[in-house]
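Data first, discussion second: the structure below is written as structure tokens.
Computed from the coordinates by the stated procedures, all read-outs in this text should not be read as laboratory data. Note that the structure is a prediction, hence the values are computed from the model and not measured. With ideal geometry, Cβ positions are generated from the backbone for all residues, glycine too; neighbour counts draw on all protein chains shown.
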Amino acid sequence: MVSELRVPLGVDPTKPSIARVYDYMLGGRNNFAVDRDAGDKALRITPDAPVAGRANRAFLGRVIRYLVTEVGVRQLLDIGSGLPTQGNVHEIAHSIDPSVRVVYIDNDPMALAHGRALLAGTGTTTVIQADLRQPEEILAHPEIRERIDFTHPVGLLLIGILHHINDHEDPVGITDRLRAALPPGSHLALSHFHNPGDRLPDIAWKARAAEKVFNETLGTGRWRSTEEIMRYFGDMDVLEPGLVPLPDWRPDPGQTHDLQPHTYHTFVGGLARMA
Ligand SMILES: C[S@@+](CC[C@H](N)C(=O)[O-])C[C@H]1O[C@@H](n2cnc3c(N)ncnc32)[C@H](O)[C@@H]1O
């Protein structure tokens, strides 16, 4: 209930927010009735959306472990980081190396308030309110420049956010600009809602139905084609196994998944390296 949750400055509890609806899907408690209503509408089309949310978090966890353990990345820039949840990026990275610097960026004031509360006293990690649609501001932000050294490899995380950038907001131009700031050895990880098109017509139809519900409730949500999503990597080397359904990206030994076919094919992820 709205009255049970403190409303941080700048948060409008009468309109659903992407971060809070996602929190609801993940079983979190940082959401309002209006978010749960929006979430319930999406659940009517995709009843296993919470399973997809968990698959997305698991993908993110595997990416971080790969970047920190195998590549040796020591600075992570997580844009569209969301509300704190179980297994946050800095917690996973610091379980491997406590010196990894993590900068969280989200444009949702609730993500900022809860993120800052969680991070009070953590020296290596910070959370900043900024908008992906203004990449220049992100790259010039003093707190980001203070923590991220753009002469050393960066792990840029765009997990579950680019599908919330509408076509007219130029998501390709935004990713071009961010990639241009990354030095060699950097990596870009992304996950994205996916429309398989004519290859799987029944699933493409469901993707369009989900897109309609998202746009009616949240005003965003694009299920893009493989070709459209691959453009975000530009000329980076997309690492094996490529852009794939989330559970198929370098699964842990013995890992299984319980996604329905529709959800399995409509949420994909990948990781690329800057040569
Ligand atoms: C679905 S959540 C993903 C959270 C987390 N990255 C994950 O995958 O578990 C998307 C997040 O992107 C944020 N977001 C959406 N549009 C944004 C923008 N233009 N700039 C910054 N953050 C944005 C939302 O507030 C939300 O927290």
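Calculated FRET efficiency, Arg250 and Ser99, Cβ-Cβ r, R0 25 Å, to nearest 0.05? Present the calculation step by step, with values, prior to reporting the outcome.
Numbers: r = 24 Å, r/R0 = 0.97.
Working from the Cβ atoms, E equals 0.55.
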Any idea how far apart Arg177 and Val7 come out in nm if each label point goes 7 Å out from Cα toward Cβ?
3.2 nm
Can you work out D for the chain in µm² s⁻¹ from Stokes-Einstein, where Rh is the Kirkwood radius over C-alpha pairs, the temperature is 4 °C and the viscosity is 1.567 mPa s?
69 µm²/s
Using 7 Å Cα-to-Cβ label points, what is the Phe150/Lys15 separation (nm, one decimal)?
3.0 nm
Determine the sum of side-chain charges near Leu77: Lys and Arg each +1, Asp and Glu each -1, restricted to other residues whose C-beta is under 15 angstrom from that of Leu77.
-2
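Grab the DSSP H runs of the chain that are 4 residues or longer, score each as -39,500 (n - 2.57), total them, divide by all residues and round the 222 nm result to the nearest 500 deg cm²/dmol.
Values: 11 runs with 106 residues, N = 275.
Helix contribution divided over all residues of the chain: -11000 deg cm²/dmol.
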Stretchable slack from Leu43 to Val238, in nm (0.36 nm times residue separation minus alpha-carbon distance):
67.0 nm
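Please work out whether segment 31-129 counts as rounded, prolate or oblate from its C-alpha gyration tensor, where a ≥ b ≥ c are the square roots of the eigenvalues and a/c under 1.5 means rounded, while otherwise a/b larger than b/c means prolate and anything else oblate? Before the final figure, lay out each step's value.
Values: a/c = 2.89, a/b = 1.50, b/c = 1.93.
Cα axes put segment 31-129 in the oblate bin.
Would you mind estimating how fast segment 186-275 diffuses translationally, via Stokes-Einstein at 25 °C and 0.890 mPa s with the Kirkwood radius over Cα pairs, in µm²/s?
176 µm²/s
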What is the distance, in nm, between label points placed 7 Å from the Cα along the Cα-to-Cβ direction at Ala117 and at Ala33?
2.1 nm
Kindly write out, for segment 253-263 in residue order, the coupling ³J(HN,Hα) from the Karplus curve 6.51 cos²θ - 1.76 cosθ + 1.60 (θ = phi - 60°), rounded to whole Hz, with x marking Gly and Pro.
x, x, 5, 10, 9, 10, 6, 5, x, 4, 6
Hey, which aspartates and glutamates would be in cross-link range of Lys15, C-alpha to C-alpha under 13 Å, not counting anything within fewer than 8 residues on its own chain?
Asp35, Asp37, Asp108, Glu216
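Cβ under 12 Å from Leu67's Cβ, Leu67 left aside: what net charge do those residues give with Lys, Arg +1 and Asp, Glu -1?
Details: positive: Arg62, Arg65, Arg74, Arg250, Arg273; negative: Glu70, Asp78, Asp97.
After counting each charged neighbour, the total is +2.
For a test of the definition: using alpha carbon positions, the gyration tensor, and the 1.5 limit on a/c, classify segment 1-71 as rounded, prolate or oblate. Intermediate values should be presented prior to the final figure.
Numbers: a/c = 3.29, a/b = 1.64, b/c = 2.00.
Taking the square roots of the gyration eigenvalues as a ≥ b ≥ c, segment 1-71 is oblate.
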Where both partners of a DSSP beta bridge lie in the chain, what percent of those bridges are antiparallel, to the nearest 5?
35 percent
